[in-house]
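Before I ask anything, here is the structure I am working with.
All of the numbers you see were taken from the coordinates with simple rules; none came from a lab. Model, not experiment: these values are computed from the prediction. Quick reminder, even Gly has a Cβ in these numbers, built from the backbone with ideal geometry, and neighbours come from all protein chains shown.
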Amino acid sequence: MSPIENLDTEVEIKIKVDQENFTHLQEWLNNNAEYRNETVQEDYYFNNPDNSWFKIHEEGYKYALKYLRIRVTDRGNSICYKDWNTSDGNEKAGLFCRDLELPIPNTEKYILLLESIGFTEKTKIKKSRKSYIYKDFLIDVDTVKNVGTFIEFEVNNKMHDNPKAEYKRLENFIKNLGLTNFTIQKQGFIILAWNPNFNFT
């Protein structure tokens, strides 16, 4: 078994909606979901110094299917490795992500450590996140600086026998929310920040 197969499996769908549908969704959350908290998050994305994860796609945009991230929040900090390379080899993110996330006590020292061993290319993303729980789904409303507002739906459990089936279950849940117009955003925030003028369809 390869190391990647031992990692947690993150199944999520991120969507973007217009103001009318955002209002509808916010009302649904207020009436049906359990509000958890609001946090401000600062994410630092690091590249692999020996075999770069940050690439230029054949369509012309900068992207990454793997990265190391340090997250700083007022509720605790963490370091996380993510691998979205779970598709059919077309250099686009798959339907789910393998990841490993650990709490860290001192982000400054961890950033210094990564920079000291060659992880010098870092991208900072700042966002505010409002989190809700509905049954076994985690729903986050993310407002990302210089990028926009998105709603992220995630299966709370990360141990899945069939992640593709979980993705389909999540997709059906979103379709039944009564939204009249929404776009599934398959690119991560880091890619949207890198390519502000690229039209992802």
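For the range 107-125, how many residues meet the condition of being small (G, A, S) and either in contact with a helix residue (DSSP H, G or I) (Cβ under 8 Å, 6 or more places away or on another chain) or closer than 11 Å to N48 by Cα (or both)?
1
Another question, if that's okay. How many residues does the range 54-67 contain that are among the hydroxyl-bearing types (S, T, Y) and part of a loop (DSSP other than H, G, I, E, B)?
1
Checking the structure you have, find out if any residue of the range 64-77 is acidic (D, E) and either farther than 22 Å from Q187 by Cβ or surrounded by 14 or more Cβ atoms within 10 Å (Cβ to Cβ) (or both).
The answer is yes, given that some residue of the range 64-77 is acidic (D, E) and either farther than 22 Å from Q187 by Cβ or surrounded by 14 or more Cβ atoms within 10 Å (Cβ to Cβ) (or both).
So, S116, is that one among the hydroxyl-bearing types (S, T, Y) and over 14 Å from the mean Cα position of the chain (by Cα) or not?
yes
On to the next question. Among the residues of the range 154-201, which ones are surrounded by 16 or more Cβ atoms within 10 Å (Cβ to Cβ) and assigned to a helix (DSSP H, G or I)?
Hits for the range 154-201 are P163, E166, Y167, L170, F173, I174, F189, I190, I191, L192, A193, W194.
Let's see how each residue does on (1) over 18 Å from the mean Cα position of the chain (by Cα); (2) not in a strand (DSSP E or B):
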position	(1), (2)
T23	yes, yes
W28	yes, yes
N31	yes, yes
R36	yes, no
Y45	no, no
S52	yes, yes
R69	no, no
I79	no, no
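Quick check: is even one residue across the range 135-146 more than 13 Å from the chain's Cα centre (by Cα), buried (at least 16 other Cβ atoms within 10 Å of the Cβ), touching a residue at least 12 places away in the same chain (Cβ under 8 Å) and not in a loop (DSSP other than H, G, I, E, B)?
Looking through the range 135-146, at least one residue is more than 13 Å from the chain's Cα centre (by Cα), buried (at least 16 other Cβ atoms within 10 Å of the Cβ), touching a residue at least 12 places away in the same chain (Cβ under 8 Å) and not in a loop (DSSP other than H, G, I, E, B).
Working only within the range 36-58, note down all residues that are surrounded by 12 or more Cβ atoms within 10 Å (Cβ to Cβ) and either among the aliphatic types (A, V, I, L, M) or farther than 20 Å from K145 by Cα (or both).
Hits for the range 36-58 are R36, V40, N47, N48, P49, W53, F54, K55, H57.
Kindly check whether there is at least one residue in the range 109-119 that is surrounded by fewer than 14 Cβ atoms within 10 Å (Cβ to Cβ), of a type outside the set (A, V, I, L, M, F, W, C) and part of a strand (DSSP E or B).
The answer is no; no qualifying residue exists.
When you check I125 against the structure, is it hydrophobic (A, V, I, L, M, F, W, C), more than 20 Å from V11 (Cα to Cα) and in contact with a strand residue (DSSP E or B) (Cβ under 8 Å, 6 or more places away or on another chain), yes or no?
Yes.
Inside the range 23-64, can you point out the residues that are aliphatic (A, V, I, L, M) and under 25 Å from F137 (Cβ atoms)?
L25, L29, A33, V40
Another question, then. Which numbered condition trips up G148, out of (1) in contact with a strand residue (DSSP E or B) (Cβ under 8 Å, 6 or more places away or on another chain); (2) on the phi < 0 side of the Ramachandran plot?
Result: G148 fails condition (2) only.
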